[in-house]
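Okay, so here's the structure we're looking at.
Just so it is clear, none of the values below were taken in a lab; they were calculated from the coordinates. Everything numeric here is computed off the predicted structure, so don't read it as measured data. Quick reminder, even Gly has a Cβ in these numbers, built from the backbone with ideal geometry, and neighbours come from all protein chains shown.
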Amino acid sequence: MGDHWHRASADRLCLQVAETLVTTDKEGALVPGLAERWSVSEDGLTWTFKLRDNAVFHDLVDGVDAS
């Protein structure tokens, strides 16, 4: 199998173990994931995300608090 298949499989695995800031609905529109809302600057260069209050991050070390 080619590199494309392996990359697609890796991407699918990543999405199964990690939650993204946003995802898409059936029509392809962005919908909330870890981010409950977001805004984009007028020039489109800066995206600001408001994370869900219950979002938890870790770097595989017990007791890490991202706040």
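Odds and ends about this structure:
- Amide H within-cut-off set for Leu34, under 5 Å, with H built and near neighbours excluded: Thr20, Leu21, Val22
- Rounded, prolate or oblate (a/c below 1.5 giving rounded, otherwise prolate when a/b exceeds b/c) for region 21-60 by Cα gyration tensor: oblate
- Counted by Cβ distance under 14 Å from Lys50, the other residues give a net charge of 0, where Lys and Arg count +1 and Asp and Glu count -1.
- Each residue of region 19-28 was assigned a 3J(HN,Hα) from its phi angle through the Karplus curve 6.51 cos²θ - 1.76 cosθ + 1.60 (θ = phi - 60°); the sequence is 9, 8, 4, 9, 9, 10, 8, 4, 8, x Hz, with glycine and proline shown as x.
- Protection proxy ranking, peptides 46-54, 30-38, average beta carbon neighbours within 10 Å, highest first: 30-38, 46-54
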